[in-house]
Every structure is written in C-alpha cells, then in structure tokens.
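Q: This is the structure I have questions about; it appears just below.
Just so it is clear, none of the values below were taken in a lab; they were calculated from the coordinates. The structure presented is a predicted model; accordingly, all values stated were derived computationally and were not measured. No Cβ is skipped: glycine too gets one built from the backbone with ideal geometry, and neighbour counts run over all protein chains shown.
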Amino acid sequence: MGNLNIGFNTVVETIYNLPIEEKIELKTLLEHNIAETRRNEMVGNFKKSQSEQKEGSLQFSSNIEDLKKML
C-alpha cells in the first residue's frame, strides 16, 4: 500500500491539489468505505450480542438505575 509514513497533512495537501473529478471519486470511495466499516461493526456487535444471549450473560432492564449500573 505504498509508503505508510506519509503524514496526514501531506495527504490532505495532495487531495486539495487533485482535479475536482478525482476529489469527487475519492469522496465516493471514502463514503462507501465508511459505510462498509460501520456495517461490519454492527455485524460484530450483533454476533457478540447473540453469543452473550446464548451464554445467558446478556442483561435487559427498563429501570434507569439498573441501566446506569450496567454501564
């Protein structure tokens, strides 16, 4: 994946110097990547919850004080 030591400022400066079409394409790519990352996080959380439910360690409550204690 190239040189991973490139600084954030260098990346931003490089992006600012791109033609508008490439900026739009980069924006689209990043939006899709972010959405995919979020979906993967949700799937992971769902699987963890399923596992906790099977183990019997998943707790539910509608009492605000109990919910605070669970945190």
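Q: Which percent of Cα-Cα pairs in the chain sits in each 5 Å bin, short to long?
A: For the chain, the pair-distance distribution reads 3, 12, 10, 14, 14, 8, 8, 7, 10, 10, 4, 0.
Q: If each of GLN53 and LEU71 carries a label point 7 Å out from its Cα toward its Cβ, how far apart are those two points in nm?
A: If labels sit at GLN53 and LEU71, their model points lie 2.5 nm apart.
Q: Under 15 Å from the Cβ of GLU13, count the other residues' Cβ atoms, weight Lys and Arg +1, Asp and Glu -1, and hand me the total.
A: 0
Q: Okay, helix-only estimate at 222 nm for the chain: each DSSP H run of n ≥ 4 adds -39500 (n - 2.57), divide by all residues, round to 500 deg cm²/dmol; what do you get?
A: Rounded to the nearest 500, it is -24500 deg cm²/dmol.
Q: State the answer as a single residue: which of LEU26, LEU67, GLY56 lies farthest towards the positive end of the charge dipole of region 8-70, with beta carbon charges of +1 for Lys and Arg and -1 for Asp and Glu, about the Cα centre.
A: Farthest along the dipole direction, towards plus: GLY56.
Q: Now, a different point. How far is it, in nm, from the label point at ILE15 to the one at HIS32 when both lie 7 Å from their Cα along the line to the Cβ?
A: It works out to 1.7 nm between the two label points.
Q: For the chain, with only Lys/Arg (+1) and Asp/Glu (-1) charged at the beta-carbon, what is the dipole magnitude about the Cα centre, in debye rounded to 20?
A: 320
Q: Label-point separation (nm) for PHE46 and ASN5, each offset 7 Å from Cα along Cα-to-Cβ?
A: Going by the 7 Å Cα→Cβ label model, 4.2 nm.
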